[in-house]
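Pasting a structure below so you can have a look.
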Amino acid sequence: MKQLALILATSAVAAAAGPACKGSKLEKGSFCSKVTSGCESRYVATGVVNAQCGFSDGQCLTVGPFCDPPACKAEAVISNNVAANDNRLESAGSGGYVVELANGDTVWTQNTYGHNQRGLGQAFDASSARDWSRAWHGQCHGPDYKKAPLQLRYSFKAGDHVITSVKVWNVPGAGHHAGKIGVKYWTGSAWEDVTNQSPEGFSDRIDSEEMEIQFDPVTTSQFRLDFWAHASAGNPTCVGATEVQIIGCKG
């Protein structure tokens, strides 16, 4: 009891100064996921102990171990963006449509336009030109992309990788501009929103505009983007992207 009182007293003082909660580092291979405990979300160790860190009555309560945030010291494009992916059309599979890129990575989406010059591979063909023959969009005249997004799920051929940001180039035109873009990663059992995403998406409707979305680094084998039609899109029957680059460090 005396030890607990001392921990709580120390934590109360620390909380007043506003430091982050800390704990011991997890052993390599331990899995981290995000949970909401009390007033804030924290990364916790699952499969080891239900560790959590949060504030209660102004006191910072800490139970370890905790996960250190993923580290990436030399950021680079880790998605397979090469000219060889031009004109690669997705085919039916996994409850949607899948394309295999030149290096064996795969990309999934829930529907297809069905033409190789607008195929999913062209989102990774190393061209950000304002040219529909080098861009991608999904099915048109059916889905309402203001109510439900077009998904792009990128799966690495092998291993987990640290992802720190993603670059997206909007569509080349025709009023099919994307607006909000949701960013998610695979935890091993479910899709989880990244934290501290900025910006949320495209604010303007500029053909082939480049935007980099940053967020807290994640370690994952699969990465997902949800493309919503721009609120002011002139022709929101389609949505997609000219190019997508995933930035981070290979695992």
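Most exposed first by the Cβ proxy, i.e. fewest other Cβ within 10 Å, how do F156, F227 rank?
Details: F156 22, F227 30.
Lowest to highest Cβ neighbour count: F156, F227.
Now, a different point. Report the FRET efficiency, 1/(1 + (r/R0)^6), for N235 and A83, where r is their Cβ-Cβ distance and R0 is 22 Å, rounded to 0.05.
The calculated FRET efficiency here is 0.15.
So for the pair D216, A174, with labels modelled 7 Å out along Cα→Cβ, what separation do we get in nm?
Label-label distance for D216 and A174, simple model: 3.9 nm.
To continue, here is another question. Quick one: F223, F124, fewest Cβ neighbours within 10 Å first, how do they rank?
F223, F124
Give the calculated FRET efficiency between A190 and D144 to the nearest 0.05, with a Förster radius of 25 Å applied to their Cβ-Cβ distance.
0.50
Now for a separate question. For region 203-251, how big is the tail of P(r) above 15 Å, as a whole percent of Cα pairs? Walk me through the numbers before you get to the answer.
Working: 671 of 1176 pairs.
Beyond 15 Å sits 57 percent of the P(r) for region 203-251.
Also, quick follow-up: So, by mean Cβ neighbours within 10 angstrom, what's the order for 186-194, 131-139 with the highest one leading?
Taking the mean over residues of other Cβ atoms within 10 Å, the ranking is 131-139, 186-194.
Compute log10 of I(q)/I(0) for region 84-160 with the Debye formula, placing one identical point scatterer on every Cα and leaving out solvent, at q = 0.20 Å⁻¹, to two decimals.
Relative scattering, expressed as log10 I(q)/I(0), comes to -0.84.
Taken together, the values in this text are just the output of simple stated rules run on the coordinates, not laboratory data. Being a predicted model, the structure only gives us computed values, none of them experimental. Every residue, glycine among them, receives a Cβ derived from its backbone with ideal geometry; neighbour counts consider all protein chains shown.
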